[in-house]
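I have placed the structure first, in the form of structure tokens, so that the comments after it can refer back to it.
Just so it is clear, none of the values below were taken in a lab; they were calculated from the coordinates. Keep in mind it's a predicted model, so treat the numbers as computed, not measured. Ideal geometry is used to build each Cβ from the backbone, glycine not excepted, and the neighbour counts take in all protein chains shown.
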Amino acid sequence: MEQEKVYNEEVKDREGSKGASGEPAGEESARANMADGGEAAHDTMSEADAADKKASDKESAEAAKEEQKPDLEAEIAEWRDKYLRLQAEFDNYRKRTLREKMELVQTGGRDVLLALLPVRDDVQRAVEAMEKSDDIAALRAGVNLIAQKFTEALRQRGVTEIEAKGNEFDADLHEAVAKFAAGEENKGRVIDVVQTGYMLGDKVLRFAKVVVGE
């Protein structure tokens with residue numbers, strides 16, 4: 001009986017030393033520690049892989065930038081060349097336009113002078129005729145012809161007289177130099193022209209200086 005009791009106590013001691021898994025408590029603890037260590041190692045490896053991937057992506061991005069750099073420099077140089085060419089073309093255009101404008105003014109003045117030279121010749125002949133002749137009627141007729149010729153030369157260049165006398169005063173065409181009482185029917189009308197005005201096309205070349213009734 002005593003031997004059986006001792007045997008049962010040994011069996012109980014052995015069962016007490018086993019864990020829930022049926023293994024000895026020491027072995028179960030060792031297995032748990034190994035599992036925790038494996039998980040920690042796995043986490044450490046994952047972080048290392050992520051760091052390596054991040055570094056690799058950064059290197060790839062920097063490499064891509066380095067590859068694009070020559071292309072960007074070439075594009076910048078191309079645009080700079082286009083800008084310089086455009087600036088040179090505009091400068092040439094400005095100089096050419098200015099030169100053409102000056103030539104146009106000079107040519108226009110030359111044409112007007114050429115048109116007036118015949119009138120100058122007629123005036124000179126009239127002066128010489130007055131020195132040699134006493135025929136007032138002939139001299140008057142000659143002067144009238146010169147005036148008509150001069151007016152025609154102006155008309156051919158687009159210069160026309162501004163009609164003023166008897167018309168309503170127009171500040172866009174007339175310049176009032178005096179006012180006189182002229183009756184109710186002439187109030188606000190031009191009653192006399194002191195200096196004839198002229199138009200060049202549809203622009204006022206010179207305002208007509210007039211006397212206005214009031």
Open item on the list: Please compute one quarter of the surface area of the Cα convex hull for region 159-214 and express it in square nanometres.
Closed with: 3.2 nm²
Task: For region 110-116, Karplus couplings with θ = phi - 60° (6.51, -1.76, 1.60), whole Hz, Gly/Pro x - done: 5, 5, 5, 5, 4, 6, 8
Task: Summed residue charge, Cβ within 14 Å of Ala115's Cβ, Lys/Arg positive, Asp/Glu negative - done: +1
TODO: Can you check what the net charge comes to around His174, using other residues whose Cβ is under 13 Å from the Cβ of His174 (Lys, Arg +1; Asp, Glu -1)?
DONE: -2
Open item on the list: For region 96-158, I need the span (max minus min coordinate) of the C-alpha atoms along each principal axis, in Å, sorted largest to smallest.
Closed with: 57, 21, 9
